[in-house]
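The block underneath contains the structure these notes are about, expressed in structure tokens.
The values are calculated or read from the model by the stated rules, or taken from the named source; none is laboratory data. What you see is a predicted model, and the numbers here were worked out from it, not measured in a lab. Note that each Cβ is placed from the backbone with ideal geometry, even for glycine, and that neighbours are counted across all protein chains shown. Surface accessibility is based on the protein's heavy atoms, side chains included, excluding ligands, DNA and RNA. Shrake-Rupley method; radii C 1.70, N 1.55, O 1.52, S 1.80 Å.
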Amino acid sequence: MNIEEIEKIVTIAGSFGIGAILGAGVLFYFLRSYIPAYLSEKGKNLATKEDVGAITEEVESVKSGYAEVLEEVKVGNQLKISAIEREQNIKKEVYMDAVEAITKSQNMIANFSNLNISEEKITSEFSEQAGKIAKVQIVGTKETVRAVTTFMGEIGTATLHLMLERMSLINRKNDIQISVDLRDKYQSEVERYLSIMKNMNLAGNQDQGTWDYVNKSFEFECEQRDKHNKEIDELWALQNQEHLVYVRQCMATFFKISDFLPQAVLSVRNELGLEISPDEYLNIFNENIEKGKAVFDEFISKLEPENA
């Protein structure tokens with residue numbers, strides 16, 4: 001309120017007398033002293049409420065944004081955890097199948113010593129197992145893939161070598177079977193001529209020509225039977241001797257290949273979080289291998305004197 005406005009108020013009040021002038025003075029003092037302070041404080045209160053409201057909205061906004069971030073992080077972490085769990089489950093499935101396949105593949109080396117199992121059956125089983133083992137290259141780490149590949153490479157090399165060594169044994173086995181078949185054939189003829197001679201005796205046949213023919217035929221069949229019996233014995237003696245050597249070779253190869261297995265096993269266990277001390281595992285593994293060797297050597301040593 002300026003001077004001109006005050007003068008107007010006083011002039012108007014003067015027209016009403018001295019009392020009005022005094023009242024105007026009091027009113028002027030009230031307006032000048034109280035009203036501005038009130039309006040000022042009122043403004044402060046309004047400003048404070050507005051500020052508090054703004055701050056509250058900001059805080060709520062931050063809290064909301066923080067909650068969204070936390071939820072995103074939570075969802076992201078959950079997805080990562082789920083992905084890791086799926087990967088681990090896939091690895092476990094692959095490795096469980098691979099371990100079984102590796103075991104069967106290693107046993108294939110020992111199966112070469114069984115001459116009654118055809119090479120086709122042995123190699124076909126190996127081919128079936130190879131597919132399971134190959135999956136390791138998809139899920140395995142560099143160390144695991146290298147260890148498994150090295151192991152399977154040793155099996156492949158041993159397979160080719162043992163197949164070549166086995167060939168002579170298989171051929172001799174076939175020769176023995178041929179001789180056995182011929183021996184049985186001649187034995188059958190021997191029995192037939194014995195039956196003829198028995199019937200001739202019962203019939204009282206005294207024809208010398210017939211008897212000479214039957215006797216000569218009988219003697220020929222006996223000679224051929226005995227000849228093949230001798231061949232069979234000689235072939236079996238050689239076969240048993242060389243077969244024992246081959247069995248030792250197969251098992252020596254089996255144990256040699258076993259040396260490459262621990263690295264693959266330890267690498268897989270490390271991937272799956274199945275902790276074990278490498279030294280402890282190797283001690284357990286080597287103890288079992290040595291026991292296996294001892295049992296095998298004892299078994300073979302009992303067979304060798306009988307076939308010496």
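Among the residues of the range 177-192, the one identified as closer than 13 Å to residue 239 by Cβ and buried (at least 18 other Cβ atoms within 10 Å of the Cβ) is 179.
Just wondering, is there one or more residues in the range 75-87 that are out of contact with any Lys or Arg (no Cβ under 9 Å at 6 or more places or on another chain), touching a residue at least 40 places away in the same chain (Cβ under 8 Å) and either under 15 Å from residue 246 (Cβ atoms) or surrounded by fewer than 16 Cβ atoms within 10 Å (Cβ to Cβ) (or both)? There is at least one residue in the range 75-87 that is out of contact with any Lys or Arg (no Cβ under 9 Å at 6 or more places or on another chain), touching a residue at least 40 places away in the same chain (Cβ under 8 Å) and either under 15 Å from residue 246 (Cβ atoms) or surrounded by fewer than 16 Cβ atoms within 10 Å (Cβ to Cβ) (or both). A Cβ distance below 8 Å, combined with a sequence gap of six or more or placement on separate chains, defines the contacts here; from the range 222-245, residues that are within 14 Å of residue 304 (Cβ to Cβ) and open to solvent by 90 Å² or more (accessible area, probe 1.4 Å) reach residues that are at pLDDT below 95 and in a helix (DSSP H, G or I) in the pairs 241/307. Of all the criteria given as (1) farther than 26 Å from residue 112 by Cβ; (2) among the hydroxyl-bearing types (Ser, Thr, Tyr); (3) open to solvent by 30 Å² or more (accessible area, probe 1.4 Å), the one not satisfied by residue 301 is (1). Filter the range 246-271 for residues that are open to solvent by less than 20 Å² (accessible area, probe 1.4 Å) and in contact (Cβ under 8 Å) with a residue 24 or more places away in the chain; which is farthest from the chain's Cα centre (by Cα)? Among residues in the range 246-271 that are open to solvent by less than 20 Å² (accessible area, probe 1.4 Å) and in contact (Cβ under 8 Å) with a residue 24 or more places away in the chain, the one farthest from the chain's Cα centre (by Cα) is 246. Regarding residue 150, is this residue closer than 30 Å to residue 94 by Cβ and touching an Asp or Glu at 6+ places or on another chain (Cβ under 7 Å)? In short, no. Apart from one condition, residue 214 fits all of (1) β-branched (Val, Ile, Thr); (2) open to solvent by 50 Å² or more (accessible area, probe 1.4 Å); (3) more than 30 Å from residue 165 (Cβ to Cβ); the exception is (2).
Note on the range 117-218: enclosed helices (runs of 4 or more DSSP H) holding 2 or more residues that are without any contact (Cβ under 8 Å) to a residue 24 or more places away in the chain are 119-134, 142-203.
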